[in-house]
1. How about segment 201-216: which of its residues are outside any loop (DSSP other than H, G, I, E, B) and more than 20 Å from Asp106 (Cα to Cα)?
2. Of the conditions (1) crowded, with 19+ Cβ neighbours inside 10 Å; (2) of a type outside the set (A, V, I, L, M, F, W, C); (3) farther than 17 Å from Val61 by Cβ, Pro152 clears all except one; give me its number.
3. Is one or more of the residues making up segment 124-132 surrounded by fewer than 22 Cβ atoms within 10 Å (Cβ to Cβ) and free of Cβ contacts under 8 Å to residues at least 24 places away in the same chain?
4. For segment 217-264, name all the residues that are closer than 20 Å to Met178 by Cα, among the aromatic types (Phe, Trp, Tyr) and in a loop (DSSP other than H, G, I, E, B).
5. How many residues does segment 152-173 contain that are basic (Lys, Arg) and under 19 Å from Thr79 (Cβ atoms)?
6. For segment 134-142, does any single residue satisfy the condition of being crowded, with 22+ Cβ neighbours inside 10 Å, in contact with a strand residue (DSSP E or B) (Cβ under 8 Å, 6 or more places away or on another chain) and either modelled with pLDDT of 95 or more or part of a loop (DSSP other than H, G, I, E, B) (or both)?
7. Do you know which residues across segment 133-192 are without any contact (Cβ under 8 Å) to a residue 40 or more places away in the chain and touching a His at 6+ places or on another chain (Cβ under 8 Å)?
8. (1) touching a Phe, Trp or Tyr at 6+ places or on another chain (Cβ under 8 Å); (2) assigned to a helix (DSSP H, G or I); (3) within 22 Å of Val50 (Cα to Cα): which one isn't true of Ala198, the others all being true?
Amino acid sequence: MTNRYEAMIRTDIPSSARTWNFWMGGKDFYEVDRVAGEASLKIDPDIATVAVQSRQFLIRVVRHLAAEVGIRQFLDIGTGLPTMQNTHEVAQTIAPQSKIVYIDNDPLALTQARAMLANSTSEGITAYFDCDFHEPERIVAEAGTVLDFTQPVAVMFMGVLGHARSYEDMLHIVRTVMDATPSGSYLALWDGTPDSQAYVTLCEEYTKTGGTPYFPRTQDAIRAAFDGFEFIEPGFGPITEWRNDAAGEYDPRSMSSYGGVARKP
């Protein structure tokens, strides 16, 4: 399987997963990603901070859901490249029996996942599947071979739904997956907004490289993905302020990253 994915890796156009890894200070990227990443930093220097802070948001979310809410199943859709404190590491440190399913379709992410995303504990399960999130029914079917959809699941879309082909697709993806989960499940989601013109320009220029387009959507559009769910405190807002002891350190307008966590009634 590794050879098949390695053969699919494109090194002539940037990958959002690899470019994101570059912004986070990782090492899993190619020259084309570095060039795109550095060009983006010249347009919007805050993007590197967004990348790092988005991971901190994920860590806080998983820690809260595992430790305070008692969630033992996580479905992380659009995982990206493995990096510091991945979902399974955070969850299984708190609850060793936690089950985590990762979903992605980036060839390098899948290659790295096979090598790195192993259980942190003997009691837990960590699995990954090659799926495009535009096929949410398939995601549910694949995840259902590992997760028990009669028990609560935390579904996570961390900064990826801007890649949805349309706003309608975005809502369909979220609702299809969440419809498969029972009451007591949680939706954790954040995405980029057009609040910062520099960020909008960055996305426009990145699209010109041949990379997968990313469409910033308004705060109201992102918040609508949570319709019918019950926000947990502090509700919808900047990801840097979600249960963060260092809240207020960053300007939400320049970060342009909003989301939250909500419970399915």
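The values are calculated or read from the model by the stated rules, or taken from the named source; none is laboratory data. These figures come from a predicted structure and were not determined experimentally. With ideal geometry, Cβ positions are generated from the backbone for all residues, glycine too; neighbour counts draw on all protein chains shown.
1. Thr201, Leu202, Glu204, Glu205
2. Result: Pro152 fails condition (3) only.
3. No, segment 124-132 has no match at all.
4. Phe229, Phe236
5. Matching residues across segment 152-173 total 0.
6. Step one: filter segment 134-142 for residues crowded, with 22+ Cβ neighbours inside 10 Å, giving 136, 139.
With the extra rule that they be in contact with a strand residue (DSSP E or B) (Cβ under 8 Å, 6 or more places away or on another chain), the set shrinks to 139.
Going one step further and asking which of them are either modelled with pLDDT of 95 or more or part of a loop (DSSP other than H, G, I, E, B) (or both), we end up with 139.
Looking for residues that are crowded, with 22+ Cβ neighbours inside 10 Å, in contact with a strand residue (DSSP E or B) (Cβ under 8 Å, 6 or more places away or on another chain) and either modelled with pLDDT of 95 or more or part of a loop (DSSP other than H, G, I, E, B) (or both), one finds at least one in segment 134-142, hence yes.
7. Arg165, Asp169
8. Failing condition for Ala198: (1).
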